[in-house]
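Novice: I have a structure here, written as structure tokens, and I will follow up with some questions on it.
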There are 2 protein chains.
Amino acid sequence: MFENIERTDISSLGEFGLINHLTKNIKLTRSSTIKGAGDDAAVLDFSGKKMLISTDLLLEGIHFDLAYTPLKHLGYKSVQVNLSDIYAMNGTASQITVSLGLSSKFPIEAVEEIYSGILLACDKYKVDLVGGDTSSSKQGLVISVTSIGYADEADICYRNTAGEGDLICVSGDLGGAYMGLQLLEREKAIYLENPQIQPDLEGKDYIIERQLKPEARKDIVELLQDLNIRPTSMIDVSDGLSSEVIHICTQSDKGCNLYEDKLPIDPMTYDTAREFNLDPTVCALSGGEDYELLFTIKQADYDKIKNNMDISIIGHITEKSAGMNIISKSQISHPLKAQGWNSLK
Amino acid sequence: MFENIERTDISSLGEFGLINHLTKNIKLTRSSTIKGAGDDAAVLDFSGKKMLISTDLLLEGIHFDLAYTPLKHLGYKSVQVNLSDIYAMNGTASQITVSLGLSSKFPIEAVEEIYSGILLACDKYKVDLVGGDTSSSKQGLVISVTSIGYADEADICYRNTAGEGDLICVSGDLGGAYMGLQLLEREKAIYLENPQIQPDLEGKDYIIERQLKPEARKDIVELLQDLNIRPTSMIDVSDGLSSEVIHICTQSDKGCNLYEDKLPIDPMTYDTAREFNLDPTVCALSGGEDYELLFTIKQADYDKIKNNMDISIIGHITEKSAGMNIISKSQISHPLKAQGWNSLK
């Protein structure tokens, strides 16, 4: 796995040595960061704003496969996955903490790679890394990220506040991360069977990147502010569109109609799904890991958003008794089912 | 391991079912908790106060051994370990998030046990559980806790602010958690060799409890406030006294003299150490996991604290060039070494 990097055993540094080694490159840029790593706790200041907290646990063999996941990408993705939750509250992400559990197979250079991805994400998204914990692991790589953000109370978007008649919108396109995963899994299987065969991922950069290096949609939160749109509800698409729409409808005590022909699917996702004999619509509905933002807006806001290439209006909220449905291209209504990626199965 | 409890497979509930099942007993009592679990992020409000954030990762086989750790105790301890860091900043802990990685050997009833310990700690320490993440794990049990607290800026105690001449104080007694661990490890080894022999832990309740069910010293933070003492620096004793004293001295650019005869050691810790042919002083200096508070105070505060049975004055801060030393009972000065529990070895 680490054939191309130098090997220095972590135990040669010890825990505090490793922490010092990793944290010396951390730059703090947020005025709300009073004290970062290096004490019992970080100290933050958000006078007047509401604070947002979110946390995610990523485990080797469940959430990522090191056979095809570059460590720097993994560090980057671990942060994105978590920031995405802060943006899904319509907030600004400002700090993160990162805990790592490292098995003995990881030399210091491998941990540096993970950290370089983490710090790249911090730099790009303007968040401060303010603390964490580092431990050996008997089992495999464990990454736990907690992110902290803030928002004015009036701006915060919950899941349970969608209103009847609201338009259902989603950013970007869907199903790409899932198809990237299928492709990587296929090439891994081929490689394991015959290590002479090189992975064939040519021309598939977009969906591979959707899987390995997703970007949380901070830009969409900023766009909505610029357009003067306050979503009536919002959630990020981590488990799959169906699952997220169902969360919003259930928690808001509403129903919905989604339209199959409105789902944004990139041509590469579409073609790759067909190549795998998968239904592109199912991939878009249930694929997961897209980290796009799903949100509802009032109909009055339609004109502000209708020409934006990066946002698709995919349906509308109905009364609860109408149920949660997807209308197929042939105009047939099907009940929406959550078949999202489930980390407990 | 779980012979006495019913077994319901977690996969019968799925991730969201499990989260709903576990979170339905959560009571929120903090006025600063605007929104707890159930959205992308928790929403908190601390207008005017500085926020404190700390995080810990606990891994099976590294930080705990399920052979002798009851799951409820484990849940309780996971929270204490983390709250201790907030108290070590002289702050008030107010919220936590908890992420669990669960291997398939854990039935729902086992997870309920862990959660009941977590919620007991929350109830006793008046903190709200406001979010988390739940996943299956291929490796073993993973627990990641992040705690959030607050303090007035003037009250926050860092590690790097000890002054020359300050008195070094520690709460409670030291080395007990380590001796409890030695005892549990010995009985486990005997049991593995001969399962007919029942563990002999009689009369050892105190040190067993120090290991399995530590209490973070919220009461000491409150006591210091009542006594009108603001420590000049503070840290919690997680890795061992030596290691923590060295952190304070190094970060404060100072030296210290500790006095062996001032170290608070419980008679049961002392006797058990002798029984194991261990030096009780070494256990107190390097044992770790005591979760007591180590702090420095100005000499002017001596009279306020001198008669308190729960706080020991164990030495004083010197200039850096004098080095970090421990003066033995025979009045010989030895350089202080950090031989604390190291999770990377």
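Novice: Quick one: which residue in B:L119, B:L192, B:L129 is buried (at least 24 other Cβ atoms within 10 Å of the Cβ), of a type in the set (A, V, I, L, M) and over 30 Å from B:D261 (Cβ atoms)?
Specialist: From the options B:L119, B:L192, B:L129, the qualifying one is B:L129.
Novice: Let me ask something else about it. Considering A:I246, A:I235, which residue is in contact with a strand residue (DSSP E or B) (Cβ under 7 Å, 6 or more places away or on another chain), within 14 Å of chain B (Cβ to nearest Cβ) and surrounded by fewer than 20 Cβ atoms within 10 Å (Cβ to Cβ)?
Specialist: Sole residue among the options that is in contact with a strand residue (DSSP E or B) (Cβ under 7 Å, 6 or more places away or on another chain), within 14 Å of chain B (Cβ to nearest Cβ) and surrounded by fewer than 20 Cβ atoms within 10 Å (Cβ to Cβ): A:I246.
Novice: Can you tell me which residues in segment A:164-181 are touching a strand residue (DSSP E or B) at 6+ places or on another chain (Cβ under 7 Å) and surrounded by fewer than 24 Cβ atoms within 10 Å (Cβ to Cβ)?
Specialist: A:E164, A:G165, A:L167 - these are the residues of segment A:164-181 that are touching a strand residue (DSSP E or B) at 6+ places or on another chain (Cβ under 7 Å) and surrounded by fewer than 24 Cβ atoms within 10 Å (Cβ to Cβ).
Novice: Here's something else I'd like to know. Quick test for you: out of B:K254, B:K218, B:K188, pick the one residue that is more than 22 Å from A:V43 (Cβ to Cβ) and not assigned by TED's automatic domain parsing to the domain that holds B:G75.
Specialist: Exactly one residue qualifies, and that residue is B:K188.
Novice: Further question on the same structure: Would you say A:G48 is in contact with a Lys or Arg (Cβ under 8 Å, 6 or more places away or on another chain), among the small types (G, A, S) and in a loop (DSSP other than H, G, I, E, B)?
Specialist: Here the answer is no, as A:G48 does not meet what is asked.
Novice: Same structure again: Within segment B:171-202, track down each residue that is out of contact with any Cys (no Cβ under 9 Å at 6 or more places or on another chain) and within 12 Å of B:G288 (Cα to Cα).
Specialist: Correct list: B:D173, B:A177, B:G180, B:L181.
Novice: Then there is this: Return yes or no: is A:E112 closer than 25 Å to B:D39 by Cα and among the acidic types (D, E)?
Specialist: Spelling it out, it is not the case that A:E112 is closer than 25 Å to B:D39 by Cα and among the acidic types (D, E).
Novice: Here is a follow-up. What do you reckon, is B:E6 touching a strand residue (DSSP E or B) at 6+ places or on another chain (Cβ under 8 Å) and not hydroxyl-bearing (S, T, Y)?
Specialist: no
Novice: Can you tell me which residues in segment B:271-290 are of a type in the set (D, E, K, R) and under 20 Å from the mean Cα position of the chain (by Cα)?
Specialist: B:E289, B:D290
Novice: Working carefully through the options A:I108, A:I143, A:I96, A:I62, find the one that is in contact (Cβ under 8 Å) with a residue 12 or more places away in the chain, surrounded by fewer than 20 Cβ atoms within 10 Å (Cβ to Cβ), not hydroxyl-bearing (S, T, Y) and not assigned by TED's automatic domain parsing to the domain that holds A:L192.
Specialist: So the residue among A:I108, A:I143, A:I96, A:I62 that is in contact (Cβ under 8 Å) with a residue 12 or more places away in the chain, surrounded by fewer than 20 Cβ atoms within 10 Å (Cβ to Cβ), not hydroxyl-bearing (S, T, Y) and not assigned by TED's automatic domain parsing to the domain that holds A:L192 is A:I62.
Novice: Out of segment A:284-323, which residues are touching a residue at least 24 places away in the same chain (Cβ under 8 Å) and among the acidic types (D, E)?
Specialist: The answer is A:E289, A:D290, A:E292, A:D301, A:D310, A:E319.
Novice: Further, regarding this structure: Within segment B:95-137, can you find the residues that are within 11 Å of chain A (Cβ to nearest Cβ) and under 18 Å from B:E215 (Cβ atoms)?
Specialist: B:I96 - this is the single residue of segment B:95-137 that is within 11 Å of chain A (Cβ to nearest Cβ) and under 18 Å from B:E215 (Cβ atoms).
Novice: Could you list all residues from segment B:196-237 that are without any contact (Cβ under 8 Å) to a residue 12 or more places away in the chain, under 24 Å from B:Y270 (Cα atoms) and not in a loop (DSSP other than H, G, I, E, B)?
Specialist: B:D205
Novice: Among what's in segment A:24-44 and is surrounded by fewer than 17 Cβ atoms within 10 Å (Cβ to Cβ) and free of Cβ contacts under 8 Å to residues at least 24 places away in the same chain, pick the residue that is nearest to the other protein chains (Cβ to nearest Cβ).
Specialist: Of everything passing the filter in segment A:24-44, A:S31 is nearest to the other protein chains (Cβ to nearest Cβ).
Novice: Next question. Give the residues of segment B:190-249 that are under 21 Å from the mean Cα position of the chain (by Cα), farther than 30 Å from B:E153 by Cα and of a type in the set (S, T, N, Q), sorted by residue number.
Specialist: B:Q211
Novice: Considering segment B:138-173 alone, what residues qualify as being within 7 Å of chain A (Cβ to nearest Cβ) and farther than 30 Å from B:I114 by Cα?
Specialist: The answer is B:I156, B:Y158, B:R159.
Novice: Mind counting the residues in segment A:55-73 that are more than 15 Å from the chain's Cα centre (by Cα) and within 15 Å of A:K188 (Cβ to Cβ)?
Specialist: Residues in segment A:55-73 being more than 15 Å from the chain's Cα centre (by Cα) and within 15 Å of A:K188 (Cβ to Cβ): 8 in total.
Novice: Which ranges mark the strands (runs of 3 or more DSSP E) fully within segment B:259-345 that have 2 or more residues being closer than 14 Å to B:E244 by Cα and assigned by TED's automatic domain parsing to the domain that holds B:N228?
Specialist: B:293-297, B:311-319, B:324-327
Novice: Is there a residue in segment A:31-49 that is among the hydroxyl-bearing types (S, T, Y) and within 30 Å of A:V170 (Cβ to Cβ)?
Specialist: no
Novice: Quick check on segment A:258-268. Is at least one of its residues away from every other protein chain (no Cβ under 14 Å), buried (at least 24 other Cβ atoms within 10 Å of the Cβ) and touching a residue at least 40 places away in the same chain (Cβ under 8 Å)?
Specialist: no
The values are calculated or read from the model by the stated rules, or taken from the named source; none is laboratory data. Treat the numbers as computed from the prediction; the structure is a model and nothing was measured. Glycine gets a Cβ as well: all are built from the backbone with ideal geometry, and neighbour counts include every protein chain shown.
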